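Peer 1: Dumping the structure here so I can ask a few things about it.
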Amino acid sequence: MSRRILLLQTEAEQERTKSLYREIFPEDSDAFVDYYYRKRPKRILAMEEEGEIVGMLHINPFSMSFFKKELTASYLYAIGTKKEKRKQGIMGELLRRAFSLLEEEGEPFCFLIPVSESIYSPYGFQTVAKLAKEESEEEESRREKSSRNF
């Protein structure tokens, strides 16, 4: 069995992972997947086995404010393995390669939004914040007014 990790940077290279994305994340619409692959800047680490892509990890640049300082960090996204190839260490290999690549580039940290924290905690990830939908001031005002009427 011949396995290797590829760094896919061009649109043509990244297209090789699109069918795997659709297989792993069927809840995402075709319109979203097409838009994401066409517009979102990213690099993809892909595990290739015997010429077939069996795992992937997307590295997306993400601008953020951290203690009032603007910085770019990497958002790890669409991490997945073909169903029949799971539990073979592919995700771990991809994560270690991503960590190595980002360290070489001087990235201060990376983050992800996991479906389950327990999947990623063995790789050093910890919850630092919970995401919540922010209400606009208008929505908040409208909600307050309607609650006063009861």
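The values are calculated or read from the model by the stated rules, or taken from the named source; none is laboratory data. Because the structure is predicted, anything quoted here is derived from the model rather than measured. Neighbour counts are summed over all protein chains in view; Cβ atoms, including those assigned to glycine, are modelled from backbone coordinates with ideal geometry. Heavy atoms of the whole protein, side chains included, go into the accessibility calculation; ligands, DNA and RNA do not. Shrake-Rupley method; radii C 1.70, N 1.55, O 1.52, S 1.80 Å.
Peer 1: Can you find a residue in segment 32-45 that is in contact with a Lys or Arg (Cβ under 6 Å, 6 or more places away or on another chain), assigned to a strand (DSSP E or B) and either at pLDDT below 95 or open to solvent by less than 80 Å² (accessible area, probe 1.4 Å) (or both)?
Peer 2: Checked against the condition, which is being in contact with a Lys or Arg (Cβ under 6 Å, 6 or more places away or on another chain), assigned to a strand (DSSP E or B) and either at pLDDT below 95 or open to solvent by less than 80 Å² (accessible area, probe 1.4 Å) (or both), segment 32-45 yields at least one hit.
Peer 1: Something else about it: Pairs please, first residue from segment 56-69 and open to solvent by 10 Å² or more (accessible area, probe 1.4 Å), second anywhere and in a strand (DSSP E or B) and of a type in the set (Phe, Trp, Tyr), Cβ atoms under 8 Å, 6+ apart in sequence or on different chains.
Peer 2: Pro61/Tyr75; Phe62/Tyr75; Phe62/Phe111
Peer 1: Within segment 46-55, count every residue that is crowded, with 19+ Cβ neighbours inside 10 Å and small (Gly, Ala, Ser).
Peer 2: 2
Peer 1: Please list, ordered by first then second residue, the pairs with beta carbon atoms under 6 Å, 6 or more apart or interchain, first in segment 74-103 and over 18 Å from Thr17 (Cα atoms) and of a type in the set (A, V, I, L, M), second open to solvent by less than 40 Å² (accessible area, probe 1.4 Å) and outside any helix (DSSP H, G or I).
Peer 2: Leu102/Ser74; Leu102/Cys110
Peer 1: Okay, next question. Step by step: first the residues of segment 76-127, then only those that are surrounded by fewer than 16 Cβ atoms within 10 Å (Cβ to Cβ) and among the hydroxyl-bearing types (Ser, Thr, Tyr), then the one that is nearest to Ala46 (Cα to Cα). Which residue is that?
Peer 2: Per the criteria, the residue is Ser100.
Peer 1: Related question: Would you point out the residue of segment 46-74, among those that are modelled with pLDDT under 90 and hydrophobic (A, V, I, L, M, F, W, C), that is nearest to Glu103 (Cα to Cα)?
Peer 2: Going through the qualifying residues, I end up with Ala73.
Peer 1: Next question, about the same structure. Could you list, ordered by first residue, the pairs with Cβ atoms under 9 Å in which the first is in segment 1-22 and open to solvent by 80 Å² or more (accessible area, probe 1.4 Å) and the second is assigned to a strand (DSSP E or B) and of a type in the set (Asp, Glu), at least 6 apart or interchain?
Peer 2: Met1/Glu49; Arg4/Glu48; Arg4/Glu49; Arg16/Glu48
Peer 1: Hey, another quick one. Checking the condition touching a strand residue (DSSP E or B) at 6+ places or on another chain (Cβ under 7 Å) and under 19 Å from Glu11 (Cβ atoms), which residue from Leu76, Leu71, Leu45, Leu112 passes?
Peer 2: Exactly one of Leu76, Leu71, Leu45, Leu112 is touching a strand residue (DSSP E or B) at 6+ places or on another chain (Cβ under 7 Å) and under 19 Å from Glu11 (Cβ atoms), namely Leu45.
Peer 1: Collect the residues in segment 87-104 that are outside any helix (DSSP H, G or I) and touching a strand residue (DSSP E or B) at 6+ places or on another chain (Cβ under 9 Å), keeping them in residue-number order.
Peer 2: Lys87, Gln88 - these are the residues of segment 87-104 that are outside any helix (DSSP H, G or I) and touching a strand residue (DSSP E or B) at 6+ places or on another chain (Cβ under 9 Å).
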